[in-house]
Amino acid sequence: MDLNGILSQLGLGAGKEVVYLSVTPSVGLELIQLDINSRTVKNYAYRPLEYNESLREIASIDEFKRGVEDLFAELRINPKTNVVLNLPMVLFGSKELPLLLADDAVTEALTSEVEQSYIFKRYEPIVSWCDATASQSGDSRRLFYSALQKNAVDEIKNALAELGIGLAGVEVSLTSILKALAFTGLAEAQMKDNVTWDLMLINQNGYSICSMVGKNIVEYYEEPLAIKSFEGDEIYNAINASAQITLMSYPANYLYIISTTDMVSAELLSKRLNIDAMISYYDNNDFKKDNPLPVSLEVIEDTAHKISLEAIGIAVGSNAGMPVKFNFLTKSTDSGVEDPNEPFHVELGSHEFDISPNAARNISLLISILLLIPVLAIYIVVPMFEKQKQAQLDDINSKLEQTNNEIKRIQEEQNRLNDFDANAEIKKVLGFNRSKLMAYTALGESVPKNLWITYFTAKDDAKIDIKGQSDNVEEIYTFFKNMKDSLINTKLRLHKLEMKSDSVDEAVTVDPNMPTDYEFEITNMTDAEVNALVQPAANAQDNTQNKNATK
């Protein structure tokens, strides 16, 4: 009997077919089925579907419902089936929380974090999270989380239910794209163990950078950019100018660029970027040249050209081996609490099925009985051989005690090693370097023509001190305003502005017909910190004078 037959005998509903849908802004609504063994697309169709990029939701749920109905009819799929859905990512982030925090408390803490986003100030979020794959140390754990609007998921689930379709799972575009890159082999070189690389995703709202090591996500950064407001080459110049500094904060061996908007060619952008990394690209839009997977004869060539990485990634399921995965249907989205009678979805290899609570209880009882039988047999047989095995048992206990002592010693040494968090230190250094780079960049762009910088320092804690002079007070104020606009969060202030003079007599007898030099100092340090910078210089001058007097 095959697996489907066994599952049917156990009442697991394995015969219910699973199909995959993707809401892809650059394409619309896609329905796809893959042949996992041959790595080909065996069924595919799409319908245009408007997506609101500002609100991050489907523009019309009625249009979505009609699109699903048309796609099922076109591909002759029975509506009495389950659907796994990909949606564009709304929010993604990471957070460290105490290791002993229960799952419910983790979800509550992450929900509070998500509600600070402007989208979720209006809509209740559904949050899904998972542990970071890097080894946890100390008393905290690092988590990756994502969120979708609860009302949007509810509307989709209800629309599918009206067609007799069950919603079995929901994932987001970032994880779907990563699974597609792994399954198709497009990022085979990048996804090898211990290889550092950055995934740069371009969309209509800007771009994001996902820092990776092999298949593991390390960091995520999103940069809003009004791409629609640019024309022609202005788009590439704007992305290049913004991304140059950002990519310096995420050094890697490879950069992989994917454009999901028809306004930007990933190939052309890859030629504009000047970075020290091997650059690869894939146009997930109208600039696409090749399909990521071969297709069956059932799929029309023009239609096959529309197949997106998101659609492939959602259809891959668990076959790509990506560690980060989200599912926003672990709880009922209708009431926010678990439904005791609702079946839950299970993946077993290439098979997917639903298990009802009753069937799960029956299986648990059967497994318990099967486990109990050998336990009873052991209690009956062991007394018969007790005398013969006692010596061996004592020997084993002695070795076990030695082993436990060795394990305890190793764990103590490991705990001492784990006191140093390399990832935190690297992140801290990158942050300091980036703030310094931004300060140097702002300084170079803000100096007027008739103004001179005589002293500049930028410290690791974002403290800045600038000294200079000019023959025009207006130039000084212009420079001060430009620096404040470029370094918004540094809280710069004009600490000093006075006429330059070598003596009191010179300051009093100023010739109005001669140009006057003004000295200034701009800083975000406190008076005590500024004085601390001046004091060493003063001490050095006093020492020089004392030596000259001695001579």
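The values are calculated or read from the model by the stated rules, or taken from the named source; none is laboratory data. Being a predicted model, the structure only gives us computed values, none of them experimental. All Cβ positions, glycine included, derive from the backbone under ideal geometry; neighbour counts span all protein chains shown.
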Quiz item: In this structure, is A152 under 17 Å from the mean Cα position of the chain (by Cα), among the hydrophobic types (A, V, I, L, M, F, W, C) and within 18 Å of T24 (Cα to Cα)?
Solution: no
Exercise. Answer yes or no: is there a residue in segment 41-53 that is within 30 Å of V90 (Cβ to Cβ), at pLDDT below 90 and in a loop (DSSP other than H, G, I, E, B).
Key: yes
Self-check item: Long-range neighbours under 9 Å by Cβ, at least six apart or interchain, first residue farther than 15 Å from K150 by Cα and assigned to a loop (DSSP other than H, G, I, E, B) within segment 99-123, second modelled with pLDDT of 85 or more and hydrophobic (A, V, I, L, M, F, W, C)
Solution: L101/A109
Quiz item: For the subset of segment 138-149 comprising residues that are surrounded by fewer than 20 Cβ atoms within 10 Å (Cβ to Cβ) and under 21 Å from the mean Cα position of the chain (by Cα), which member is farthest from V218 (Cα to Cα)?
Solution: S140
Practice problem: Would you check which residues across segment 219-245 are modelled with pLDDT of 85 or more, loosely packed, with under 15 Cβ neighbours inside 10 Å and aliphatic (A, V, I, L, M) and list them? | Solution: A241
Quiz item: Failed condition for A315, given (1) touching a residue at least 60 places away in the same chain (Cβ under 8 Å); (2) in a helix (DSSP H, G or I); (3) closer than 18 Å to L199 by Cβ, with all others met?
Solution: (3)
Self-check item: So E17, is it modelled with pLDDT under 90 and closer than 25 Å to E124 by Cβ
Solution: no
Quiz item: Any residue at all in segment 150-167 that is at pLDDT 90 or above, assigned by TED's automatic domain parsing to the domain that holds R39 and surrounded by 24 or more Cβ atoms within 10 Å (Cβ to Cβ)?
Solution: yes
Quiz item: Can I275 be described as in a helix (DSSP H, G or I), within 30 Å of L437 (Cβ to Cβ) and either in contact with a Leu (Cβ under 6 Å, 6 or more places away or on another chain) or not assigned by TED's automatic domain parsing to the domain that holds G166 (or both)?
Solution: no
